[in-house]
Structure formats: C-alpha cells, structure tokens
Amino acid sequence: MSVYRLLKKNVIAREGLDLLGKQFSISEDEPDPQGILVRSARINTDSYESLLGVARAGAGVNNISVDKATERGICVFNTPGANANAVVDLVFPMIGVWQRNIYRGIKFCESLEELEGDQVDGEVERQKSAFRGMEIAGKTLAVVGLGQIGVRLANGGIHRFMKVKGFDPKPVLANIHMLLPDVELVHSLDQAIGKADIVSLHVPLIEKTKDLVNNEFIARMKKGALLVNYARGPIVNEEAVLAALGQAFFTLSLGMGAIMVYGAYLPAGSSVGRTSLMVAMADTGVALMAGLVIFPLVFEYGLEPAQGPGLIFLTLPNAFAQMPGGQWVGGAFFLLLLFAAWSSAISLIEPAVAWMVERFGWSRLKATVFGGVCSWAVGILTVISFNLAADFKPLGGMNMFELIDFLTANIMLPIGGMAIAIFVGWRMVPAARDQSMADLPPVMARIWLWSIRVVAPIAVLVVMITAITNALGIDLLQ
C-alpha cells in the first residue's frame, strides 16, 4: 500500500489528523511532500516538485498560489463552513464590545484605583451614564456575503431581534435556503449598507472583492455606522478609512481654529469642554446634511463621487447642469459655499492679524489687508489649477489646488494638532489646564488627559504618515 507524504504547515486538530489513516505520513518538516495541510501559512505550489494537492482548513484559499497550482494540475481543497460557528461566535461579542463602550469602561475602572474604597461607589454612580451603550436589538444589520458564515450571522441577528439585510452578488442556492424568512434579501450593495447601523463583511478575498470598502463604499454608509471585517484584511482599503479620518480631522481642525480665534474674546468663565462638544456636534451635523444633499445628486446622474477636491468644481457643476432648474440650485449652492469659505477665512487669518498687530504694532486694517493679499495670492494658484495650469502637477500627480489641499489637510493641520496636544498634555501649566477643564468630573478629566497625551498624537501621526506615503507612492510594507 502506497503511503503519501504530507507536510503540515500549521496546527491542525488531532481529531482531523486521525481521520487520514495509515496511508498518510504526516510531518512538519517533509522536504518533498505530495500533499500539504495548511491554515494560514502562505503556500507557493511551485516550491514543491512532487506536490499533488493542498488542503486548507478554512474557507478562503487566498494564501495559496491557486493559479500556479492550476497550471500544474495540483488540486486545491478548502473546507467551507468548518470555522463558521467560531467566526459568528466572535463577531457578535466584538459588536457588543464596541456598542457598549467596553474599552472606555475598562479605562474608567483602572482610574478608580486612585480613589478610596468609600469613594468608588459614588464615583461609579455619577459616571456610569457616560458609558451607556446601545442595544443591538432593533438595529439594522447588513451582511455582505451570504456563505456559511454570512448566513449564520444573519440568522443570529434575527435571533437577537435585529433587522437584517443580506446581500451576495453570486448567492449559492443551498446557503440561501438556510436563511430565516425574516432576513431581507436585497439585490444591490446600496440597498444593504445605505441604512444599516452595522455592516459585517463575509466575502472571500478575490480580485473583485479586493478594496471593496473604498471611499465610495464609505460614502454610501450611514453616518456613524459600524463596519466589521472578519473576512480578509485587503477587502477594506485602509487608505480610504484613513482618508475619512483625515477629513474628519480637517473639518474639526477648522472648528478648533474658530474656538481659538473667537474663544480669545469670550468671558473667562466660559466652559471649554461644553464649547468643544458643541463645535464637534455642529461639525458632524453640517457634514451629514451636506452628504444628504450632494451624494444623492452624484449617484443619480452617474458621476464619480471619489474625486476629492474636484468633486466641488468638476463633478457637482455637471450634476447641476443635468437637473431641472440646476442653474438656480447651483448658483445658490456656490453662494453658500462662498459664505462658508469667507467665515473659514476669517477664522484662519485672525491669528495672523492679531500676531502682526502685537509684533509690529500695525493697525488692524493694515494687518488685515496684508494677510488678505497674501491669502489671495496663494488662492490664485488654486484657481488657475483648473485652466491655465491644469497640466502643472509638481508632486504625486497633483495639481496646485490638490497639492495645497493635501499640504494643509494632511501635513500642516496634523502637525499643528499634534503640537497642541503635546503642549496641552505635557507642557501647559497644570493649574491653567485644570481650570479650563473644571466643568468635567475628575475621572473624565483624567481620561481626557491620557487621551490628549498619548492617544491623540499617535493617531494623528499615523494618519499623517499614511497620507504622505500614499501621495508619494511609497509602500511601507515592502
């Protein structure tokens, strides 16, 4: 009886290995295997001369060189559904961890170590509402990919009293028959994710699903929705996610600039914490309303939503031109945009004006005119980027408008944000800092201080480095 030589690349359960019987010789260091048992290790089938087959304990085969195996007639097997229960058992607890603010709660509990025993109960009672999460019952769950895992997750959502929408571009009939009747099958990705509170990805990693979650995907999602990816990492374009974080930082930085400018003229007793919260809420509300207005127009007329700065000056004018009364709607839109730019310009130029008045003794009129002329001169570069200098792209294929937008949003603002966070967290006089945050409870103030000292600088640095390397075409993983 022939004995087949098998190479075991990862840990495989003993119960499974026992099923193979005596006709297989299993080793972790077989130099010339006829078969390979694998989980996550990468397999280049051309590296094994006598190879006849590869069996993977799991659904995906993206870690195996399937194309090379096909050319040589090597069979590649997978085991769909083998780990389906394990994945579902993991996804729901992780959703709960996020929805229930577990990580923030852990940091709060750690901060209680500094309190005396008789103070803990009172502090917990006062602060527990800050960590109140949301129940997933009644929320809408979108399951993208209805294989064995997706089907069980969708059914699990129904058992948890969620509204579940399932989408699969190429559904397998046997899997669809396993769905509970309460799961709503939809026929497009937009129908699945557009109104979902939680989007869970369960598609295989193939060429068509690589970078499935990109800028356009994120734009279609509901504001504040939770994205869960327990399929494969490259399905999510991390650049798109970091770009979304960068845009949020950009808009909030303008709000931060407004606080610094106008806050200098507020009464001394004004609450920094409440004012910051109001700015963040207003910023999110305006962004949500802008998205509700702009993206339906773009999708309705089949235009490109992921053009960056060109979305305003190239894509939207085309949309307005195609809609009835578009010249009036477009005119009103750009008039409001003018007012928005004007108010932002005032916030941005005021610190420079105040500095020139104090440093050189100029009048406010002289300082304002000088700052305005300088800003106008730089602004001219953005205007000619769409006509006279449209072909001038000095860095990374970006014209002057895109380059200035990139420098301000991805370099200057993050550096300024990091500098402020480091100054406030580490260099600011503690008495002044504590007075500014006096309206916060002591425990929340400590959490805020830890965030501003550690979390904020690291997070902003990651976003900035990623944006720079993407613009210059540098792959840090190589």
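Filter the trypsin sites (Lys or Arg not before Pro) in region 1-100 down to the DSSP loop ones having no more than 10 other Cβ atoms within 10 Å, then list what survives.
Numbers: sites: Arg5, Lys8, Lys9, Arg14, Lys22, Arg39, Arg42, Arg56, Lys68, Arg72, Arg100; in loops: Lys9, Lys22, Arg39, Arg42, Arg100.
Here the sparse-neighbourhood loop sites are Lys22, Arg42.
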*Amide H to amide H under 5 Å from Val228: which residues, 5+ apart in sequence or cross-chain, H placed 1.01 Å off N in plane?*
Val199, Ser200, Leu201
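Can you check how the C-alpha radius of gyration of region 4-77 compares to 2.2 N^0.38 Å, as a plain ratio? The partial results should precede the final answer.
Numbers: Rg = 11.5 Å, N = 74, 2.2 N^0.38 = 11.3 Å.
Scaled against compact globular proteins, the figure is 1.02.
Given Cβ point charges of +1 (Lys, Arg) and -1 (Asp, Glu) and nothing else, what value in debye, to the nearest 20, does the dipole of region 347-456 about its Cα centre take? Let's see the in-between values first.
Values: 8 positive and 7 negative charges, 69 e Å.
Taking the Cα centre of region 347-456 as origin, the dipole is about 340 debye.
So what's the convex hull volume per residue for the Cα atoms of region 321-363, in Å³?
On the way: hull volume 2.9 nm³, N = 43.
With only Cα atoms used, region 321-363 gives 66 Å³ per residue.
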_Cut-off under 27 Å on the C-alpha distance; same-chain residues fewer than 8 positions from Lys22 excluded. Which lysines are left, in chain and number order?_
Lys8, Lys9
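Which loop-located trypsin sites (Lys or Arg not before Pro) does region 103-156 contain, where loop means any DSSP state but H, G, I, E or B and the Cβ has at most 12 other Cβ atoms within 10 Å? Each step should come with its number before you reach the end.
Working: sites: Arg104, Lys107, Arg126, Lys128, Arg132, Lys139, Arg152; in loops: Arg132, Lys139.
Sparse-neighbourhood loop trypsin sites (Lys or Arg not before Pro): Arg132.
With the cut-off at 20 Å, tell me which of the pairs Lys107/Lys128; Lys128/Lys163; Lys107/Lys222; Lys195/Lys223; Lys163/Lys222 have Cα atoms farther apart than that.
The answer is Lys128/Lys163; Lys107/Lys222.
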_Can you compute 3J(HN,Hα) from phi for each residue in region 451-458, using the Karplus curve 6.51 cos²θ - 1.76 cosθ + 1.60 with θ = phi - 60°, rounded to whole Hz and x for Gly and Pro?_
5, 6, 7, 10, 5, 4, x, 5
*Computed magnitude of the charge dipole of region 94-150 (debye, nearest 20; Cβ of K, R +1, Cβ of D, E -1)*: 600 debye
_Amide H partners (placed H, <5 Å) of Phe24, local residues excluded_ = Tyr4
*Quick one: what are the phi-derived ³J(HN,Hα) couplings along region 140-148, Karplus 6.51/-1.76/1.60 with θ = phi - 60°, whole Hz, x for glycine and proline?*
9, 9, 9, 9, 9, x, 10, x, 4
*Residue by residue through region 107-113, which ³J(HN,Hα) values in whole Hz follow from phi under the Karplus form 6.51 cos²θ - 1.76 cosθ + 1.60 (θ = phi - 60°), with glycine and proline marked x?*
4, 5, 4, 5, 6, 6, 4
_Most positive-pole-ward Cα, Gln34, Thr45, Asn62, against dipole of region 1-79 from beta carbon charges_ = Asn62
*Mind putting a number on the dipole of region 4-77 about its Cα centre? Charges go on the C-beta only, +1 for Lys and Arg and -1 for Asp and Glu, and I need it in Debye to the nearest 20.*
200 debye
*region 170-216: projected area of the alpha-carbon convex hull, averaged over directions, in nm²*: 4.3 nm²
*Amide H to amide H, which residues 5 or more places from Asn78 or on other chains are under 5 Å from it, using H placed in the peptide plane?*
Arg56
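Each value in this text was obtained by applying a stated rule to the coordinates, not by laboratory testing. What you see is a predicted model; the values in this text were computed from it and never measured. Please note: Cβ atoms are built from the backbone with ideal geometry, for glycine as well, and neighbour counts cover all protein chains shown.
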